[in-house]
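Note sheet for the following structure.
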Amino acid sequence: MALKTDLYIDGKWVKGSKTVPVRDPSDDSVIAEIQVATEKECDAAVDAAYRAFPEWAKTAPRFRAEILRKAFEIMIAEADSLAEIVSRENGKVLSDAKGEILYAAEFFRWFSEEIVRVQGDFRKSPSGDKRIVVTHQPIGVSLLITPWNFPAGMATRKIGPAIGAGCTVILKPAIETPLTALAIVEILERAGLPKGVVNVVMPTPAGPMVSRMLHDPRVMNLSFTGSTEVGRVLLKEASDRVIRCSMELGGNAPFVVLDDANVDEAVKGLMIAKMRNGGAACTAANRIYVAKKIASEFTTKFAKAMSELRMAPGREPGAQLGASVSKKERDKIADLVSASVKGGAKVETGGVLPEGPGAFYPPTVLSVAKDNEILKHEVFGPVAPIVTFDSDEEAIKLANDSDFGLISYVYSGELGRAIRVSEAIDSGMVAINRGVISDPAAPFGGNKQSGLGREGGFDGIHEFLQTKYIGVEI
Ligand code: NAD
């Protein structure tokens, strides 16, 4: 597959003002030079989306559904070459990249099925004086901003429901990983998407151009996935025009292993919850709370499993942990581990920067005290700090001791006990006896400072629809 590197505006691949390189973080080589959007191209993208909106909003749901379905089928047929692009620009291993493409494609299929089933309401008012009609309409031009850690999944999780609902969009992918998003948009083009419905711009720095688009009176909606820090800035910006916002922000997931858990199953689950995507996931288990009674056995087995992982460039056969997206991100991980060790953490395995090129950080397990600094941060890498606890009540208290509330994990041999603990933990999602629960058919999203709104499931489409009530005299 030839790499797309241009901006995509009004159905055309166009140049920007200059180019910047996209690098393979496993050896720092330049994969491609991509076009950078300035004011002119960002304005043109808003123009195109605004012009396309009235016609697109009027199309039959089945028409939109079939374009999404076709795009799903192309993504599945071309999954291997798409995974190669993801792995090259992001650094993750090929198996993770392939898994991401299948997950990403599923959002197109799910929303192609959802959009033909959006329900309204027709009923008599309680007093009998009128009929209450409730319908749902597309919000309008939507700005979609995605991070680098899942360059395919985060794009389709927004594009699918947005265009399915009848909105038109401007997608701004992360500057580190734009090639995957451009490849997916090219697939939508092949699937028959009319011009102007999806536009892609890559401004850098992102801030001024995103602010400009958010202040454009034609932009009605913002769907952002990224850090809580940037999310807060964008919520403030969006408040100037009271734009609807969906925010999928940072996480710092607790992984709670109760004293009756099957230790081997919990270790297996944690290997997935921590190491999927090399630990660079908002859902990554970051604070591992283990009951004192089983902590020694659990830590030994988990550290052994982590130390056996093969760290290598993502496309090397047998690679299980690839590079972080950049040296800057890798150094953030290394700094957090150093500070944790200074604060008393015991290194069970890993913790040493490898020699040689590439943004690699090794699988690392730490035993830490409850107040170790590392527990306050979202570590976006293969680092697992373990803390012990005495009772379920203490585990709940520790799990809730965070500004984040995206996802939690609970392992127990008794389902009722696991559910009681799950209900007491303040997070938008809880995984019981599983290391991964992300599913396009389920509502994904967080409580507290992990975000606003839900993506996927039955809720996802409503992030791009607004409810209209029509009262009818009868
Ligand atoms: P980031 O916040 O730095 O960047 C996200 C996007 O925002 C990128 O496209 C970036 O270019 C853009 N951006 C950065 N600064 C901006 C500004 N001032 N104005 C406008 N746009 C700006 O996040 P990241 O480092 O790319 O991704 C990692 C973060 O994303 C983590 O915190 C992770 O938890 C979070 N994340 C959350 C979810 C979720 O569903 N909750 C999913 C994936 C990642």
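The values are calculated or read from the model by the stated rules, or taken from the named source; none is laboratory data. Just so we're clear, the structure is a prediction, and the values are computed from it rather than from any experiment. Cβ coordinates were reconstructed from backbone atoms using ideal geometry, including for glycine residues, and neighbour counts include every protein chain displayed. Each accessible area value is taken on the protein alone, full model and side chains, heavy atoms only, with ligands, DNA and RNA left out. Shrake-Rupley method; radii C 1.70, N 1.55, O 1.52, S 1.80 Å.
Quick look at the values:
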item	result
Counted charge near Val36, where neighbours are those whose Cβ lies closer than 13 Å (Asp, Glu -1; Lys, Arg +1)	0
Karplus-derived 3J(HN,Hα), 6.51/-1.76/1.60, for each residue of the range 128-144, Hz, glycine and proline x	x, 7, 7, 9, 9, 10, 10, 9, 10, 10, x, 5, x, 5, 10, 9, 10
Heavy atoms of Leu415 accessible to a 1.4 Å probe, total area in Å² rounded to 10	110 Å²
Cα-based Kirkwood hydrodynamic radius, the chain, one decimal, Å	23.1 Å
Backbone HN-Hα couplings from phi across the range 346-362 [Karplus 6.51/-1.76/1.60, Hz, Gly and Pro as x]	9, 7, 8, 7, x, x, 10, 5, x, 6, x, x, x, 8, 8, 9, x
C-alpha long axis of helix 61-77 to longest principal axis of the chain, angle in °	40 degrees
Alpha-carbon radius of gyration plus Dmax, which is the widest Cα pair, for the range 253-439 in Å	15.5, 49
Under 5 Å, built H, 5+ apart or other chain: amide partners of Gln466	Gln137, Ile139
Length added when fully stretched, Arg123-Asp459, from 0.36 nm per residue minus Cα-Cα	118.7 nm
Other-chain or far-sequence residues with amide H under 5 Å of Ile31's (modelled H)	Val22, Arg23, Asp24
Value of [θ]222 nm, deg cm²/dmol, for the chain, DSSP H segments ≥ 4, -39500 (n - 2.57) each, nearest 500	-12500 deg cm²/dmol
Radius of gyration and maximum dimension Dmax of the range 380-435, Cα, Å	11.4, 32
Amide proton proximity set for Thr349, modelled H, under 5 Å, gap of 5+	Val365
